[in-house]
Amino acid sequence: MAIGATIHTFDVQLADVDRGVYEDFSLRVARHPSETDTYMVTRLLAYCLEYEEGIGFAAGGVSSTDEPAVLVRDLTGHITAWIEIGAPDAARLHFGSKLADRVAVYTHRDPAKLLASWAGKTIHQSADIVVRSFDPGFVEQVAAAVGRRNTLSVSRTEGHLFLEVGDAAFSTEVHEHRIS
């Protein structure tokens, strides 16, 4: 945990119908002083939407250069999923794609600008990398509802995300983009 980080706790009920994942779990999320609320919420959403055995946040926090914000390890410690948040550069995706079995990016930014920034750059197995984004304003609205202690209900069905933070309800399409 970073010094000066703000700790947010989430009691999560996850029902991901699209993947057949149904879990209840608690998370402690450290928000580094340099991390925006929207970045933290996007990181939280990526964790929930990628949830599987072995998932975790990077050991070094958001300032880690050797690991993505969210990753999945198998029982041997091998990174099976490299999950970036925001707007990683092409070199970082290239590195992650060579290291892990699969790579995903969750962004709260304009996905068209993000994809354009990678155009013409070398990214290992770029066609296999999935970029996920949300409707404009969704992440900002959720971030405004997040407090230090939260109950979170996350439901995904047919590519649509339904989220409840305390008494506030939100929904968005989960958009998928590919690097061309």
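Among the candidates Arg28, Arg43, the residue that is loosely packed, with under 14 Cβ neighbours inside 10 Å and charged (D, E, K, R) is uniquely Arg28. If Ala116 passes every condition in (1) in contact (Cβ under 8 Å) with a residue 12 or more places away in the chain; (2) within 27 Å of Thr80 (Cα to Cα) but one, which one does it miss? Among (1) in contact (Cβ under 8 Å) with a residue 12 or more places away in the chain; (2) within 27 Å of Thr80 (Cα to Cα), the lone unmet condition for Ala116 is (1).
For region 54-65, check the following and say yes or no: at least one residue is surrounded by 19 or more Cβ atoms within 10 Å (Cβ to Cβ) and touching a Pro at 6+ places or on another chain (Cβ under 9 Å). Scanning region 54-65 turns up no residue that is surrounded by 19 or more Cβ atoms within 10 Å (Cβ to Cβ) and touching a Pro at 6+ places or on another chain (Cβ under 9 Å). Pull up region 139-180, narrow it to residues that are without any contact (Cβ under 8 Å) to a residue 40 or more places away in the chain and β-branched (Val, Ile, Thr), then point me to the one that is nearest to Asp11 (Cα to Cα). Restricting to residues being without any contact (Cβ under 8 Å) to a residue 40 or more places away in the chain and β-branched (Val, Ile, Thr), the top hit is Val165.
When residues in region 1-54 are screened for being touching a Ser or Thr at 6+ places or on another chain (Cβ under 8 Å), among the acidic types (Asp, Glu) and in a loop (DSSP other than H, G, I, E, B), 1 of them pass. I'd like to know if region 61-82 contains one or more residues that are part of a helix (DSSP H, G or I) and closer than 20 Å to Glu140 by Cβ. Checked region 61-82: at least one residue is part of a helix (DSSP H, G or I) and closer than 20 Å to Glu140 by Cβ.
Modelled with pLDDT of 95 or more and more than 16 Å from the chain's Cα centre (by Cα): does that describe Ala91? Taking the combined requirement at face value, the residue satisfies it.
The values are calculated or read from the model by the stated rules, or taken from the named source; none is laboratory data. Given the structure is predicted, the values throughout are model-derived calculations rather than measurements. Backbone-built Cβ (ideal geometry, glycine too); neighbour counts: all protein chains shown.
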